Amino acid sequence: MDIIATYNRFKRWQVNPFDHEFTSQQTNSCCNCGHDFVGNYCPYCSQKSGLGRITWHSVWHSVAEVWGMHSRSLPFTLLQLFLRPGYFIGDYISGKRQVSFPPIKMLVLIGVLGVIVDFMTGAINGMVHTEGEKMGYVNEAFNWLNIHLPGTFPPPSDYLSNVLQWLNTHPDVFTLILLSFLIIPIYFIFRFAPRNSRHTLPQGFFIQVFGTAMFLILNMLYDITAQGWLVFLLGSVMLFVTYRQLFGYGVWGTLWRLVVAFVCGYTLMSVLLNTNYGIHLLRDHQMDAARGYFLNVPIALAFLLIILGMSYFISKKTFSELKRT
């Protein structure tokens, strides 16, 4: 077995898994309109070639279509999402809708499956109260920020600590919220990428839908194996591979842009948390304390604008140099 040749075939499959060239020049007779044609579909009535008498295969085909298990099946979509994630997402946002199971439906189905896995593995008891602690490093990250960047997040003894703890023990929800905050940073930071450049915000929305589906599946793997380090490693590798394939930057170019994007995402989350907690303090008539948290908001937004602006112009300059060469 030639390992290098096999790997090269896999790489070609990643870039283009659909071979639309006809493997045969055999003439087909359309069972629907009677015309003779060469190809996969009749050019007169669009019926697929090879259809004839009803068989047990026809029965399976009809039943599978009801559940989305035939054309654009969910299993095949997930296979592509994990074996060629960036290329697959790039195909979808560029207009190749037939490569994917409907993404919103996919996200809902995976979310429901995730809740079922939570119950079956004992990772969740009810819809709100959890047993144990999943993804504890998230809470440790918040504590580190409180120590080294005072005021960035409310201290652990405050009202919002309960919110942070709930997000920490519900990584499905946390993943959905965090990745939604990445839509705007990804839009600016990867604006002038070699591949899928000038992508739009609606396209960015679907990029994060696919990313969320991927991480929800990885969270189910954590529920089953309880190997947090393994899931975190797989998630990090998948994130890097996805954005490298999707936007076409090299190793370093992809890495620093992802780091900056997540810093911006957490900054946007801190704006929301500080605003939320400031309102809570106002309701408790703690005006001075509330003012301090409200002041964090323009500071965070200014930091965000500076980081996004620098990343935008660096990417634009790099893109212009690549076009000249």
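Please treat every number below as a calculation from the coordinates, not as lab data. Everything numeric in this text was worked out from a predicted model, so none of it was measured. Glycine gets a Cβ as well: all are built from the backbone with ideal geometry, and neighbour counts include every protein chain shown.
Taking neighbour Cβ counts within 10 Å as the exposure measure, how do Met287, Met120 sort from fewest upward? It would help to have the intermediate numbers written out before the result.
On the way: Met287 9, Met120 12.
Ordered by Cβ neighbours within 10 Å, fewest first: Met287, Met120.
Starting from the Cα of Trp56, step 7 Å along the direction of its Cβ; do the same at Ser197; then give the gap between the two resulting points in nm.
5.5
Show the residues, 5+ positions off or on another chain, whose built amide H is closer than 5 Å to the amide H of Tyr41.
Ser49
Rounded if a/c is under 1.5, else prolate if a/b beats b/c, else oblate: with a ≥ b ≥ c from the C-alpha gyration tensor eigenvalues square-rooted, which is segment 175-325?
Values: a/c = 2.59, a/b = 1.29, b/c = 2.01.
Judged from the Cα gyration tensor, segment 175-325 comes out oblate (a/c at least 1.5, b/c at or above a/b).
To make sure I understand, if each residue's beta carbon is the centre and we count other beta carbons within 10 Å, what order do Asp223, Asp2 fall in, fewest to most?
Asp2, Asp223
Starting from the 7 Å offset along Cα-to-Cβ, what nm value, one decimal, do you get for the label separation of Ala302 and Ile104?
4.0
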